[in-house]
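These notes concern the structure reproduced below.
The values are calculated or read from the model by the stated rules, or taken from the named source; none is laboratory data. Fair warning: this is a prediction, and the values are worked out from it, not measured in the lab. Neighbour counts run over all protein chains shown; Cβ positions are idealised from the backbone, glycine included.
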Amino acid sequence: MPLKQSEAIVLRTYPLREADLLVTFFTRQEGKVKGVARSAKKSRRRFGGALEPLTCVRVYWEDRERQELARIDSCDVLQSPLSSEVDYPRAIALGHIAEMLDEVMPDREASDTVFRLAWSVLQNLKAGQVWLPVTYFDLWMVRLLGFLPSLEGCVVCGRSLGEELAWFHALSDGLTCHDHRRIASSEMAVSSRKIAAAMFRAPLDKFIGDPWPRAVAADLRKFLMQILDRHLDKRLVTSAQLDKLE
Amino acid sequence: MSKFAEPMARLIDELKKLPGVGSKSAQRLAFHILRSPEEDAGSLADAIRDVKARLRLCSVCNNITDVDPCVYCSNPERNQRTICVVEEPTNISAIEKSRNFNGVYHILHGALSPIHGIGPEQLRISNLLVRVENGAADEVILATNPTVEGEATAAYVARILKPSGVKVTRIATGLPVGGDIEYADEVTIQKALEGRHEL
C-alpha cells in the first residue's frame, strides 16, 4: 500500500514489545490514527524527538490490510513542545489537550476544524500563560462536539440572562436564571459569558497579551468541564490536575 | 482445562507477568527451569524472594539498597554536597558509567505526568527539600530526561528549591557524541545551538 502523509499531533505513546512504540496521532487528513513505530524505543535515529506527545509533525504511515494498527514510517517535526520552556502548568495544559482529543475524537474520522483549533492552541500555549489557551480550547471543543447549550438564556423559562448572574449545575444542562437555579448550583459571572461570546468571534491570537490569571473565567471552565464529564461519563485525569494548580 | 500440569501452568502464568515475556517465552523459561538442576532453580527462587525481602529505599536519597544509607550516601570519598536528581534508580548506572560524577544522588521515582495522574505528591521530593534546607548541598544537578515530563519535573524541582538559595543546574541537551548532524532532529539541533560554548 502507498504511504499516506498528513500534518498531525502526537497524542500518546505506549511501549510495545521490547523496542517498539504504539503511537496515537491526531491527523488532519484522517483524524485519530494509531500505529506502530518500530524500534522507536531503542533507537532515536529514525524518529528522534518527533514522537514526544504534543509534537506537531508531518507523519508518513502505511495502512496494512485487515490490520487496525498502521505502520509509522517516519515523522518530521514541525513544532515541538520542547522548543520553549516547559513548566508544570504547561505540562498539565499540554496533557489536557492530548487527553481531551484522545478521549472525545473517534478513530479515523477527520475534523479539520478540531485539528486547526488544537494546532492553534498548541502554538500559543506558553509557560506561565496556560489559562487563556486552555479556556479557549475547552470552550471550542465543547461547542464543536455539539454539547454546548446557549449561554444567553435560562434553559427552564427561556428568559434572556442579559446582565444577570447565571447558574449551572453538575447534573443538568445549560444555564438558569436566579429563580430556576437548583440547590448546590454554581454561579457564572456576566464577564465570563462575555468572554465566551468574544472567543466565538475571534481567533486565539487576538487575545494573546491580555493578562489572564487563573481566576479569569474559572466559572466558565468549570461549566465546560461539567458538561464534558456528563457526556463522557467520567472525569478527565488532567481536569483534576488543572483544578489543583495554584 | 490447562494443557500443562497445575504447577507448570502456574509458573507460566507468573512468568507471563514479566515485561516483554509473552506466552511462548514464558513456556520456554518455565521448561528451562524445570530441566535445570534443583540448586539452580532454588537459587533463582531465593534471589526473587531476597529482592523483595531485603531491598528497601535509602532514607537519604531513595535509592534501592540493602543497607541504609546506601553505598553512595555513606561513601566518604564522594562529594556529599553535590546532589544529582534523577527519575529512576536505573539512571544512576548510566551516570556512574561516565566516571565523571563523584557526588551523590536523589531519586524521584518517576516524573510529573499529568496525563497519567502523576503529580508532585506522587514523587519523592520532600526528603530532597529536607537535605537542601539542612544545608547539606552546594549544588543540585537536575538530570531528569529531556522529555516534556522530565522538563516539567526539572522546572518544578528548581522552583521549589529556589527559596533555599542552593545552586540549581540542569544537564545539557544536544547532539550525541559520535552522532551525525544530518540525522539530528530540529529540536535537538536547537538545544545544541542554545547550549554552545566558546572554544
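Just a few scattered comments:
- Test: residue in the stretch A:66-87 that is hydroxyl-bearing (Ser, Thr, Tyr) and at pLDDT 95 or above: no
- Selection of the stretch B:169-179 for residues being more than 9 Å from chain A (Cβ to nearest Cβ) and free of Cβ contacts under 8 Å to residues at least 12 places away in the same chain yields B:177, B:178.
- Just one residue in the set A:84, A:43, A:80 is among the small types (Gly, Ala, Ser), in contact with a Lys or Arg (Cβ under 8 Å, 6 or more places away or on another chain) and within 14 Å of chain B (Cβ to nearest Cβ); that residue is A:84.
- Identity of the residue in the stretch A:223-244, free of Cβ contacts under 8 Å to residues at least 40 places away in the same chain and in a helix (DSSP H, G or I), that ends up farthest from the other protein chains (Cβ to nearest Cβ): A:243
- Of all the listed residues (A:160, A:192, A:172, A:150), the sole one being polar (S, T, N, Q) and surrounded by 19 or more Cβ atoms within 10 Å (Cβ to Cβ) is A:192.
- The test for being surrounded by 22 or more Cβ atoms within 10 Å (Cβ to Cβ), hydroxyl-bearing (Ser, Thr, Tyr) and within 14 Å of chain B (Cβ to nearest Cβ) does not hold for residue A:24.
- Taken together, the criteria place residue A:109 among residues that are charged (D, E, K, R), touching a residue at least 40 places away in the same chain (Cβ under 8 Å) and not in a helix (DSSP H, G or I).
- Residue selected from the stretch A:45-96 under the condition assigned to a helix (DSSP H, G or I), of a type in the set (A, V, I, L, M) and touching a residue at least 60 places away in the same chain (Cβ under 8 Å), by the criterion surrounded by the fewest Cβ atoms within 10 Å (Cβ to Cβ): A:92
- Residue within the stretch B:142-163 that is of a type outside the set (Lys, Arg), over 25 Å from the mean Cα position of the chain (by Cα) and closer than 28 Å to residue B:78 by Cα present: yes
- Of all residues in the stretch B:101-134 being within 14 Å of chain A (Cβ to nearest Cβ) and of a type in the set (Gly, Ala, Ser), the one that is farthest from the chain's Cα centre (by Cα): B:117
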